[in-house]
Amino acid sequence: MAEEKADTNGVWECKEFKALTEHSDEISKLHLRDLLSVDGNKNCVKRNEQLIVKSEGITLDCSRQKATIDTLSKLINLAKKSNLQSKINAMFNGDKINVTENRSVLHIALRAKETDKIIVDEVNVVESVYKVLNKIKAFSNKVRNGEWKGYSGKEIRNVVSIGIGGSYLGAEFVFQALKTDPTARKNAKGRQLRFYANIDPIGFARATAVKSPIYYPCTPSPSPFSDGFTGLGSRDNFMHCGE
């Protein structure tokens with residue numbers, strides 16, 4: 001049996017993409033206010049229900065997007081045509097889908113359970129991830145209980161997290177979310193966490209500006225110091241830091 005020939009055409013050339021483009025032009029005339037109102041849209045309730053997806057305790061609410069029921073179905077049709085599921089599977093299997101660097105895309109390993117296995121070049125990378133996560137946990141506990149001191153021998157009360165782009169933003173999102181958690185709030189009492197994500201020295205000055213003496217461990221986020229932009233800003237500003 002002859003092997004099926006792969007579709008080498010760009011996704012923008014398929015009929016599903018063209019149908020979605022035409023649909024986009026149609027709904028551009030709509031206003032979100034009307035889509036959410038029973039006065040402007042008789043199918044409002046049905047639309048809102050179908051644009052809210054729930055799974056594993058997570059809710060994806062697309063009802064506040066300028067979209068209709070047809071929008072979602074056309075997006076799904078395009079996803080199927082472009083073999084999105086096979087590409088998702090390839091990522092979870094550790095295939096080297098980053099063709100530019102010939103590497104696996106392993107963000108998923110950072111979110112995996114400790115018992116999961118993601119094999120890359122015959123190595124379970126999840127084990128490596130948890131070695132680092134356990135080190136982070138041990139360090140954090142030592143800072144909280146005062147066992148890990150700053151260079152002055154005093155307890156560390158202030159922390160600067162250095163990152164850029166996603167390395168910075170993800171950490172701050174978690175920080176903001178945990179502000180409402182009673183346990184996290186209790187553990188953080190008397191401490192400050194600040195974020196530095198810019199080579200501008202003014203940003204550094206703001207991140208390190210506190211009335212009390214500064215005892216800062218600076219914690220680089222996942223990959224900022226391999227990023228010349230962040231590494232340069234951090235190096236230059238620390239060279240001019242008086243503390």
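Observations
- Sites residue 193 and residue 98 - FRET efficiency at Förster radius 25 Å, r taken between beta-carbons, to 0.05: 0.20
- Residue-wise HN-Hα coupling along the range 181-187, computed from phi with Karplus coefficients 6.51, -1.76, 1.60 (Hz; x: Gly, Pro): 8, x, 5, 5, 5, 5, 5
- Scanning residues 5 or more positions from residue 120 or on other chains, those with amide H under 5 Å from its amide H are 125, with H placed 1.01 Å from N in the peptide plane.
- The range 5-129 - convex hull of the alpha-carbon atoms, volume per residue in Å³: 156 Å³
- Among the GluC sites (Glu not before Pro) found in the range 117-188, those both in a DSSP coil and sparsely packed, with 13 or fewer other Cβ atoms within 10 Å of their Cβ, are 122, 147.
- Three-way shape label, the range 150-190, alpha-carbon gyration tensor, a/c 1.5: oblate
- The alpha-carbon of residue 131 sits under 21 angstrom from the alpha-carbons of these lysines, leaving out residues fewer than 8 places away in its chain: 113, 117, 142.
- Karplus (6.51, -1.76, 1.60) ³J(HN,Hα), θ = phi - 60°, over the range 55-70, in Hz, Gly and Pro reported as x: 7, 6, x, 10, 10, 9, 9, 9, 5, 8, 9, 6, 8, 10, 4, 5
- Spatially proximal lysines relative to residue 15 (Cα-Cα < 25 Å; intrachain offsets below 8 disregarded): 5, 29, 66, 74, 80, 81, 87
- Amide proton proximity set for residue 160, modelled H, under 5 Å, gap of 5+: 194, 219
- In the range 93-146, the convex hull through the Cα atoms has an average projected area of 4.5 nm², a quarter of its surface area.
- Using the empirical formula 2.2 N^0.38 Å as the baseline, the Cα radius of gyration of the range 11-82 reaches a ratio of 1.19.
- Inter-part distance where the range 64-124 and the range 11-56 are each reduced to a Cα centre, Å: 24 Å
- Placing R0 at 25 angstrom, the Cβ-Cβ distance between residue 205 and residue 174 gives a FRET efficiency of 0.50 after rounding to 0.05.
- Length gained on full extension, residue 72 to residue 138: 19.3 nm, using 0.36 nm per residue less the C-alpha separation.
Here, each number is a calculation from the coordinates, and none is a lab measurement. As the structure is a computational prediction, the values presented were derived from the model and not from experiment. Neighbour counts run over all protein chains shown; Cβ positions are idealised from the backbone, glycine included.
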